[in-house]
Amino acid sequence: MLLVYTHKITPRLRYIFKQVCTRILDIPVSFTTTIEEFIAHDSLKMSYTRQPLGKEFFIRSNELLFEQGLSDIETKVSDWKDTKCFFSNGEQSALPFDIFAASFYLLSRYEEYLPHVKDEFGRFTAEESLAFNNGFLRQPVVDIWAYKFKKALQEQYPDFTFEERDFKVTPIIDVPKAYSYKLNGIMRTIGGTLSDFFRLRLKNVYKRYSVLFGLKHDPFDTFKYIINKQKQVKFKFIFFFLVGDFSTYDKNINVQKSKFVSLIKQVGDYSKIGLKASFFALNNISILKTEKLRMESIINQDLKASRQSYSKLNLPESYRNLVELEITEDYTMGYINHIGFRAGTCTPFFFYDLDYEVQTPLRINTYHVLDYALLKYQSLLDKKMHLNQIISAVKNVNGEFVSVFHNYTFSASETWKNYKELFNIILDAANKK
């Protein structure tokens with residue numbers, strides 16, 4: 001067990017030390033403000049305060065973990081060996097930066113509470129982030145810092161046995177609309193047909209009625225292929241189905257359609273099922289509750305995981321609503337158009353509410369690549385290179401790689417050409433240590 005001496009034990013301090021030490025490094029940690037207890041401890045120990053007590057392992061603390069609420073923080077980013085860091089803390093410290101305060105800044109999403117420019121959907125963009133603007137978006141810096149901290153501890157305590165965690169892969173299948181033409185209903189079919197006629201998209205008219213008359217396969221119906229892939233691996237995919245009402249933003253299949261319900265149940269026999277919350281559920285807890293109950297009535301069990309439409313988050317309200325409805329996991333945190341680490345980590349963490357200064361039970365699972373983010377690269381070779389780079393970044397710290405692909409990503413569309421091959425790279429990565 002690691003004993004940490006500090007001048008003040010705060011909720012922020014407990015939260016980030018347990019994340020870095022216990023969840024990333026698998027080292028139990030406890031805290032004390034009593035010098036005598038610290039001296040008497042005969043295993044791993046360190047001081048985290050303004051000045052060292054003596055010659056112990058010491059990291060000079062930044063004030064962030066001892067504050068409450070938000071303040072105007074200077075985050076001057078500097079190079080540090082093979083990575084970046086901020087909150088420098090002087091020569092006396094075992095590490096030249098306060099990695100715990102820096103980790104808390106990133107995991108709490110402190111910067112998303114501060115004034116920033118949103119995109120057309122009201123989302124926090126990568127371009128507004130500290131990581132993007134300082135060149136470390138593609139690095140899981142929190143995990144990298146944790147391993148540097150571990151190395152420094154090992155030098156101080158060479159006889160202590162440190163555990164190693166395993167690299168994991170969690171593929172997400174996002175299903176905003178299960179079928180392109182099937183189960184759309186008469187009015188939507190007629191409307192779609194007229195729209196295609198007026199826009200001279202006659203090929204689409206042909207495709208639509210070939211599917212409806214059973215002559216062709218629905219292009220979005222790729223579930224047999226995905227389930228066959230699921231059967232080939234030991235880890236579980238997570239499918240997020242949209243069961244909200246039809247709207248301007250969400251054009252899903254009506255949940256009253258028995259074949260749609262049967263599809264969700266069939267997929268649930270092989271993989272995990274989560275809720276893709278509708279666009280309007282983001283700001284309306286009553287709509288979110290309705291959708292949660294719908295999904296639970298289909299899967300006949302408590303809903304554990306959710307993901308917001310358009311990967312949109314309004315912090316802290318979005319996560320508070322999930323906590324209130326006892327949804328325990330979220331997979332929304334990530335960037336639509338950029339590969340990388342929105343919270344600077346590839347380790348799941350609990351949402352810390354900065355307004356209430358409390359760790360919540362909501363587990364945040366950030367995703368690191370969305371299928372759309374790979375479209376900016378023209379060649380398959382480039383797509384493979386960037387995908388392999390981000391997988392390697394996670395593998396180097398034995399983290400959990402989370403990707404998001406849609407059901408239509410595996411269709412025969414020219415847009416998604418070769419994406420099956422990219423998905424295979426992700427699945428194969430779990431078998432290559």
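Structure above, values below:
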read-out	value
SER180 - accessible surface, heavy atoms, 1.4 Å probe, Å² rounded to 10	20
Sites matching trypsin sites (Lys or Arg not before Pro) across the range 63-120 that sit in DSSP coil, with at most 10 neighbouring C-beta atoms within 10 Å	LYS76, LYS81
P(r) of the range 341-411 over all Cα-Cα pairs, binned every 10 Å from zero, in whole percent	18, 40, 28, 12, 3
Degrees between helix 186-198 axis and first principal axis of the chain (Cα, 0 to 90, nearest 10)	80
Rg/Rh (Cα only; Kirkwood hydrodynamic radius) as it applies to the range 2-46	0.96
Anisotropy class of the range 88-186 from Cα gyration tensor, a/c 1.5 cut	oblate
Over the chain: Kirkwood hydrodynamic radius from C-alpha pairwise inverse distances, Å	23.5
Alpha-carbon Rg with Dmax, taken over the range 267-314, Å	11.0, 33
Rounded to whole Hz, the Karplus (6.51, -1.76, 1.60) HN-Hα couplings of the range 340-348, x for glycine and proline	x, 10, 4, 9, x, 8, 10, 10, x
Semi-axis lengths (Å, descending) of the ellipsoid that matches the C-alpha gyration tensor of the range 15-140	31, 15, 14
Anchor LYS432: aspartates and glutamates whose Cα lies under 12 Å away (excluding residues fewer than 8 positions away in-chain)	ASP166
Protection proxy ranking of 334-344, 300-310 - average other beta-carbon atoms within 10 Å, highest first	334-344, 300-310
Angle between the chain longest axis and helix 258-268 axis [Cα atoms, degrees, rounded to 10]	40
Centroid-to-centroid separation of the range 66-112 and the range 302-350 [C-alpha atoms, Å]	23
Proximal lysines to LYS259, defined as alpha-carbon separation beneath 20 angstrom and excluding residues fewer than eight positions away on the same chain	LYS177, LYS182, LYS216, LYS224, LYS251, LYS272, LYS276, LYS292
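The values are calculated or read from the model by the stated rules, or taken from the named source; none is laboratory data. Here the structure is a predicted model, which is why all the values come from computation and not from measurement. Virtual Cβ from ideal backbone geometry, glycine too; neighbours counted across all protein chains shown. To get the accessible areas, we keep the full protein, side chains included, count just its heavy atoms, and leave off ligands, DNA and RNA. Shrake-Rupley method; radii C 1.70, N 1.55, O 1.52, S 1.80 Å.
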